[in-house]
Structures are given as structure tokens and as C-alpha cells.
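Read the figures in this text as sums done on the coordinates, not as results from a lab. This structure is a prediction, so every number in the text was calculated from the model and none was measured. Note that each Cβ is placed from the backbone with ideal geometry, even for glycine, and that neighbours are counted across all protein chains shown.
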Amino acid sequence: MSDNNSSHAQASTNEKRAEAREKARALRAQHQKKERLTRLALQGGIALVAVGIIAAIAVVLVDSVGPDGPGPRNMASDGIRIGAGFAAVSTPALPADARPITSEPNPAGVVDILIVVDYLCPICREFEQTNAEFISTLVESGAATVEYRPVATLTSQSVGTRYSLRAANAAA
């Protein structure tokens with residue numbers, strides 16, 4: 001009878017050891033999984049910070065690269081004036097620290113038409129479609145000059161393309 005008890009006790013001890021080993025293995029696996037997640041989170045955080053720093057540097061560099069002056073030749077008044085024969089009225093280039101100047105007034109009897117336009121603006125487009133022929137007739141006959149002043153007020157609404165700003169720069 002004692003053989004049965006000792007084999008039963010030994011089996012019970014072996015089962016306890018097996019359970020303890022299984023429990024230890026499960027705890028090790030859980031600990032390794034937790035360490036892996038912590039390591040991935042740390043690496044991801046470092047990568048995110050690095051991307052943020054690179055993006056900040058890129059934004060600073062892109063914003064710092066720009067023209068020294070207020071605009072190109074023929075834009076001394078922030079716009080370009082078109083006169084008789086549809087010729088641009090030449091103006092000197094402004095120095096880098098100069099402010100835009102007002103256009104010379106037209107002679108008596110010649111109307112000065114000033115059009116401020118954002119090339120993304122649907123209302124500006126509608127105005128141009130409605131009045132382009134009439135304005136062209138006035139300019140061609142010498143009864144008026146037209147000055148276009150491109151602005152970029154709708155750049156933020158161009159779905160990341162910066163169309164408004166790029167179009168104003170292209171026009172200049």
C-alpha cells in the first residue's frame with residue numbers, strides 16, 4: 001500500500017512541477033511579449049520624433065527660401081498694367097527693401113481699371129468671363145488701361161496644391 005501512496009505522491013509532485021514549469025513558461029512568454037511591445041513603442045516614438053524634426057527643418061528651409069524683393073519687374077505696383085495695344089507698361093524693378101508704389105495716373109479721359117484677382121476664385125472667373133470683351137474693347141481703343149494685381153487669398157482652399165499662390169507667382 002505504501003507503494004501506491006508513494007507513486008501517487010510522486011505523480012502529484014511531478015504534476016505540480018509540470019504545472020509550475022508551464023506557468024513559468026507562460027509568464028516568460030508574457031514578459032517577452034510585453035518587452036517586445038515596449039521596444040516597438042519606444043522605437044516608434046523615436047521614429048515619430050525624428051520625422052517631426054525633419055518636417056520642422058523642411059518647413060523652415062522652404063519658408064526661408066523666397067524672393068528678396070516684393071516682386072518681379074512690371075510688378076512695382078503689385079500688379080501689371082496693360083495699355084493700348086495690349087502692351088505691358090514697363091516699370092523698374094524695385095530694390096529688395098522697397099515697398100510697392102502706386103501706378104502713375106492715366107492722362108485725362110483714360111480710365112484706369114484695377115482688377116485684383118485670385119486665380120482660384122470662382123467669382124473672379126465669372127467677372128472675367130462677363131467683362132473681358134468689354135474691357136478688351138476699352139483697352140484696345142486706348143480709352144482705358146487695365147492693371148491686374150494677383151493675390152493668393154484662397155491658397156488654403158486649394159487642397160494642398162497651393163494653386164492660388166503658384167498661379168499668382170506664375171502670372172507675375
Worksheet item: Where Lys and Arg each count +1 and Asp and Glu each count -1, what net charge lies around Leu42 among other residues with Cβ under 14 Å from its Cβ?
Response: +2
Worksheet entry | Net charge of Cβ neighbours under 13 Å - reference Ala26; Lys, Arg +1; Asp, Glu -1 | +4
Worksheet item: What is the set of long-range amide H partners of Leu114 at a cut-off below 5 Å, with H atoms built 1.01 Å from backbone N?
Response: Glu147
Worksheet item: Considering the zone a paramagnetic label at Phe127 would reach in this model (a point 7 Å from Cα along the Cα-to-Cβ line), which residues of region 88-120 have amide N under 17 Å from it?
Response: 112-120
Worksheet item: Along the Cα-to-Cβ line of Ala50, 7 Å from the Cα, sits a label point; which residues in region 25-43 have backbone N less than 20 Å from it?
Response: 36-43
Worksheet, complete the sentence: Karplus-derived 3J(HN,Hα) from phi for region 38-47 (6.51 cos²θ - 1.76 cosθ + 1.60, θ = phi - 60°), whole Hz, x at Gly and Pro, runs 4, 5, 5, 4, 5, 5, x, x, 5, 5
Response to the item:
Taking a straight Cα-to-Cα line shorter than 19 Å from Lys34, and setting aside same-chain aspartates and glutamates fewer than 8 residues away, one finds Glu22
Worksheet entry | Point-charge dipole on Cβ atoms (K/R +1, D/E -1) for region 80-171, about Cα centre, debye to 20 | 340 debye
Worksheet entry | Stretch gain in nm, segment Ala170-Gln32, where the contour uses 0.36 nm per residue and the Cα spacing is subtracted | 43.8 nm
